[in-house]
Amino acid sequence: KYFLLILFTSLFGESFNPQEINFKENLILNEKEREYFLLYKDDLNYKITGPKRLEIISRRAIPESSNRKYNFGYILSYDDLDDIEINHKKYKKDFLYSKDHPGHGYTQAGKTILNIPPGEHNLKLIPSYRGKPVLVRIVKKMFKNTEGITEMILPDEDIVVNELQFNNKKRNYFEIEK
């Protein structure tokens, strides 16, 4: 049983901690506790070895009695690439709380998927709304099996379609002119 638990956790349950480990807070949803990191006044910095597919889960801390939508987000800085601004607008999530902060509620999850190529990478999350606490959790996301799932997207214009056969499978290819 222990071997299966360790195997399952290593395959599916990998989460990533920032270098700023002191900024953590546990949120509880339906008796399941999850560790989040506070993105508030300072950045969160991660060193990640790829290839990996990451899911960035973020929530905003709000008054417990609130029932309106809240804007929140962060700026994603990845290696030397251009920064990407991530924005979410979500309602309060029922039955989600923190033992450390009674009186606070938390929004529904804003989710972002990031594919990391092979090698060592620096990932930085920068607060978009300084003074508005956002909690962040990064987990490894498994690739979905797309075997046998296909959808052909057709161009608007009349283009020549060539049917090619590979190992008893036929595929349509479009001829593109300059």
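The values are calculated or read from the model by the stated rules, or taken from the named source; none is laboratory data. Fair warning: this is a prediction, and the values are worked out from it, not measured in the lab. Cβ atoms come from the backbone with ideal geometry, glycine included; neighbour counts cover every protein chain shown. Only protein heavy atoms, including side chains, enter the accessible area calculation; ligands, DNA and RNA are left aside. Shrake-Rupley method; radii C 1.70, N 1.55, O 1.52, S 1.80 Å.
Projecting label points 7 angstrom from Cα along Cα→Cβ for Ser128 and Tyr40 puts them 2.0 nm apart. Each residue of region 40-50 was assigned a 3J(HN,Hα) from its phi angle through the Karplus expression (A = 6.51, B = -1.76, C = 1.60, θ = phi - 60°), giving 9, 9, 10, 6, 10, 10, 10, 10, 10, 9, x Hz with x at Gly and Pro. The string of couplings for region 106-121 from the Karplus curve (6.51, -1.76, 1.60, θ = phi - 60°) is 9, 6, 4, 6, x, 10, 9, 9, 9, 8, 9, x, x, x, 8, 9 Hz, one whole number per residue in order, with x for Gly and Pro. Ligands, DNA and RNA are left out, and with a 1.4 angstrom probe the accessible area of region 25-164 is 64 Å² per residue.
What pairs from Lys140/Lys169; Lys90/Lys141; Lys89/Lys124; Lys47/Lys69; Lys24/Lys111; Lys32/Lys132 go past 30 Å between their alpha carbons?
Lys140/Lys169; Lys47/Lys69
In region 78-122, one over the average inverse separation of all distinct C-alpha pairs is 13.9 Å, which is the Kirkwood hydrodynamic radius. Over all pairs of different C-alpha atoms in region 10-127, the reciprocal of the mean inverse distance, the Kirkwood hydrodynamic radius, equals 15.3 Å. Here the label points at Phe23 and His121, each 7 Å from Cα along the C-beta direction, are separated by 2.0 nm in the simple model.
If I stretch the segment between Glu85 and Ile176 completely, what's the gain in nm (0.36 nm per residue apart, minus their alpha carbon distance), one decimal?
Residue separation times 0.36 nm, minus the Cα-Cα distance, leaves 29.3 nm.
Each Lys or Arg adds one and each Asp or Glu takes one away; over the other residues whose Cβ falls under 13 Å from the Cβ of Asp79, this sums to -2.
Close amide H contacts of Ile116 (hydrogens built in the peptide plane, cut-off under 5 Å, sequence separation of 5 or more or a different chain): Lys52, Arg53, Leu54.
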